[in-house]
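A quick write-up on the structure given underneath.
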Amino acid sequence: MQINYSFIIPVFNRPGEIRELLQSMTELRWAGTFEIVIIEDGSTLSSEKVVREFQGRLQISYYFKHNSGPGDSRNYGMRKARGNYFLILDSDVILPPDYLKEVDSFLSLNFHNCFGGPDAAHHSFSDKQKAINYAMTSFLTTGGIRGRKQALNKFQPRSFNMGLSKKAFEVSGGFRNINPGEDPDLSLRLLKLGFETTLIPNAVVFHKRRINWKKFYRQVHKFGLVRPILNLWHPGSGKITYWFPSLFLIGLLFAIVLFLLGVSIFLLCYLFYFIIVGLDAGIKNRSLNIGLAAIIATFIQFSGYGYGFLRSIWKLRFLKMEPETAFPKLFFNNARQKKAK
């Protein structure tokens, strides 16, 4: 099978990020051809001028559409693309020079209709961005599930770095209108349809995440809200590990109460854990500031996700609410695709 690659990149009000991403794509060490499809999702800050700057060096198509969310925008881009294999990226990533070479080498020997790749922090990123990357990828915080090499089989790719064959897109219908959570939902539907997903460990992207602590909390809180919805849509997909942040948060609250009552051992255990996280992050990044910021990022990640997960469980399992009614802001109701059956 001759693989023809099309990069699919939705963007919303981030022309500066698109410039950095396209610049990194001009430096790809790749002898073949590829196309880039930029989908402007109803932005008020247009990226069209930036795209024009690169059209002489890259094969780019640019489309502007009404705002209907990243999932629907990716579907739109895949319908417009000419390739038979789609490489889906977020606008806030930067590609290493060997990215496409690593993808093609893997797929040429071990073809899969869907893959995901890990994310990492570029040396130019801020201390806060590096700390957030640590919290999202470290074995001490997430078990390394976003990029662990042992998770090759049935890996659930994330849309910041995801590959999807044209065949898999056409059969599945692509992404649904939930956000976040549209990417694991697609992965789970693909598995039900008989497609295999995998992790390409060396297909790394630098994921910039231009967010402050408040925005990071909102992001992970939404991740927590979404997971019980996915478990409801896909019975049997739930794992005990999804409960860990909530149990961590509940345990911390009890530890604080016991500390106020004169029992300090449990709170000291939490303190010891955060010290280990800070030391590990500081040593790996050779920075005390990043170590301290990683403690903050880890606390925000656990508390935001854990609280969101519990809220979602309460509304969906106990109050028996429909997901769209319980959390309407997670859904783009004007998205074109219908919910897959």
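Given axes a ≥ b ≥ c from the Cα gyration tensor, I'd like to know whether the range 1-154 is rounded (a/c under 1.5), prolate (a/b larger than b/c) or oblate. Walk me through the numbers before you get to the answer.
Details: a/c = 1.57, a/b = 1.19, b/c = 1.33.
Note, shape of the range 1-154 comes out oblate.
Would you mind counting up the charge near residue 67? Only other residues with Cβ under 10 Å from its Cβ, with Lys and Arg at +1 and Asp and Glu at -1. Please report the intermediate quantities before stating the final value.
Numbers: positive: 65; negative: 40, 41, 72.
My count for the surroundings of residue 67 gives -2.
For the chain, give the magnitude of the charge dipole about the Cα centre (Cβ charges: +1 Lys/Arg, -1 Asp/Glu; no others), in debye to the nearest 20.
Working: 44 positive and 24 negative charges, 146 e Å.
Around 700 debye, computed over the chain.
Once the convex hull of the alpha carbons of the chain is built, what does its volume come to per residue, in cubic angstrom?
Numbers: hull volume 47.9 nm³, N = 341.
Here the figure is 141 Å³ per residue.
How high is the relative contact order of the chain, in percent, counting Cα pairs under 8 Å that sit 6 or more residues apart?
On the way: 618 pairs, mean separation 66.1, N = 341.
Value for the chain: 19 percent.
Could you give the angle, 0 to 90 degrees to the nearest 10, between helix 288-313's Cα long axis and the longest principal axis of the Cα atoms of the chain?
Around 90 degrees separate the two axes.
State the extension gain, in nm to one decimal, for the chain segment bounded by residue 52 and residue 211, taking 0.36 nm per residue of separation less the distance between their alpha-carbons. All intermediate terms of the calculation are to be shown ahead of the outcome.
Numbers: separation 159, 0.36 × 159 = 57.24 nm, distance 2.70 nm.
Difference between extended and current length: 54.5 nm.
Excluding residue 168 itself, calculate the net charge of residues whose Cβ lies under 11 Å from the Cβ of residue 168, where each Lys or Arg counts +1 and each Asp or Glu counts -1. Mind dumping the intermediate values first?
On the way: positive: 166, 167, 189; negative: 170, 196.
That sum, taken over residues with Cβ under 11 Å, equals +1.
Percent relative contact order of the range 231-330, based on C-alpha pairs within less than 8 angstrom and at least six residues apart? Mind dumping the intermediate values first?
Values: 63 pairs, mean separation 26.9, N = 100.
Relative CO of the range 231-330 lands at 27 percent.
Please sort by residue number the trypsin sites (Lys or Arg not before Pro) in the range 210-292 whose DSSP state is loop and whose Cβ has at most 11 other Cβ atoms within 10 Å. Don't skip to the answer; put the middle values down first.
Working: sites: 210, 214, 215, 218, 222, 239, 284, 286; in loops: 210, 239, 286.
Listed in order of number, the matching sites are 239, 286.
Mind pulling the angle between the C-alpha long axis of helix 127-137 and the longest principal axis of the chain? Nearest 10 degrees, somewhere in 0 to 90.
Between helix and principal axis, roughly 90 degrees.
Can you compute the modelled spin-label distance between residue 59 and residue 247, with each label point 7 Å from Cα toward Cβ, in nm?
5.1 nm
Would you grab the residues whose amide H sits under 5 Å from the one on residue 85? Only those 5+ places off in sequence or on another chain, please, with H modelled 1.01 Å from N.
Under 5 Å from the amide H of residue 85 lie the amide H atoms of 4, 6, 166, each far enough along the sequence or on another chain.
What does the net charge come to around residue 51 if you take all other residues with beta carbon closer than 12 Å to its beta carbon, with K and R at +1 and D and E at -1? Write down the numbers at each step before the final one.
Working: positive: 19, 49, 52, 57; negative: 40, 48, 53.
It works out to a net charge of +1.
Taking neighbour counts of Cβ atoms within 10 Å as a proxy for exposure, in what order, fewest first, do 300, 178 appear?
On the way: 300 19, 178 23.
Sorted ascending by nearby Cβ count, the order is 300, 178.
Taking H as built 1.01 Å from N, whose amide H comes closer than 5 Å to the amide H of residue 238, not counting residues under 5 places away?
none
Could you list 90, 104 in order of exposure, starting from the residue whose Cβ has the fewest other Cβ atoms within 10 Å?
Numbers: 90 22, 104 17.
With the sparsest Cβ surroundings first, the list reads 104, 90.
Please sort by residue number the GluC sites (Glu not before Pro) in the range 2-108 whose DSSP state is loop and whose Cβ has at most 14 other Cβ atoms within 10 Å.
Working: sites: 17, 20, 27, 35, 40, 48, 53, 102; in loops: 27.
When the GluC sites (Glu not before Pro) of the range 2-108 are filtered for loop state and at most 14 Cβ neighbours within 10 Å, 27 remain.
With angles folded into 0 to 90 degrees, how steeply does helix 182-192 sit against the dominant principal axis of the chain? Use alpha carbons for both and round to 10.
80 degrees
May I ask you to evaluate 6.51 cos²θ - 1.76 cosθ + 1.60, the Karplus curve with θ = phi - 60°, for each residue of the range 249-265 and list the ³J(HN,Hα) values in order in whole Hz, giving x for glycine and proline?
5, 4, x, 5, 4, 5, 5, 5, 4, 5, 4, 5, 8, x, 9, 9, 4
Per residue of the range 93-109, what does 6.51 cos²θ - 1.76 cosθ + 1.60 with θ = phi - 60° give for ³J(HN,Hα)? Whole Hz please, x for Gly and Pro, Karplus curve as stated.
10, 10, 9, x, x, 9, 4, 5, 4, 5, 4, 5, 4, 5, 5, 5, 9
Give me the percent of DSSP beta bridges within the chain that run antiparallel, rounded to the nearest 5.
On the way: 11 of 33 bridges.
Once the DSSP bridges in the chain are tallied, antiparallel ones form about 35 percent.
Of the trypsin sites (Lys or Arg not before Pro) in the range 1-94, which ones lie in a loop per DSSP and count no more than 15 other C-beta atoms within 10 Å? Kindly include the intermediate steps, with their values, before the conclusion.
Numbers: sites: 19, 29, 49, 52, 57, 65, 74, 79, 80, 82; in loops: 29, 57, 82.
Those that pass, being in a loop and sparsely packed, are 29, 57, 82.
None of the figures in this text is laboratory data; all of them are computed from the coordinates on show. Computed from a prediction, not measured in an experiment: that's the story for all the values here. Neighbour counts run over all protein chains shown; Cβ positions are idealised from the backbone, glycine included.
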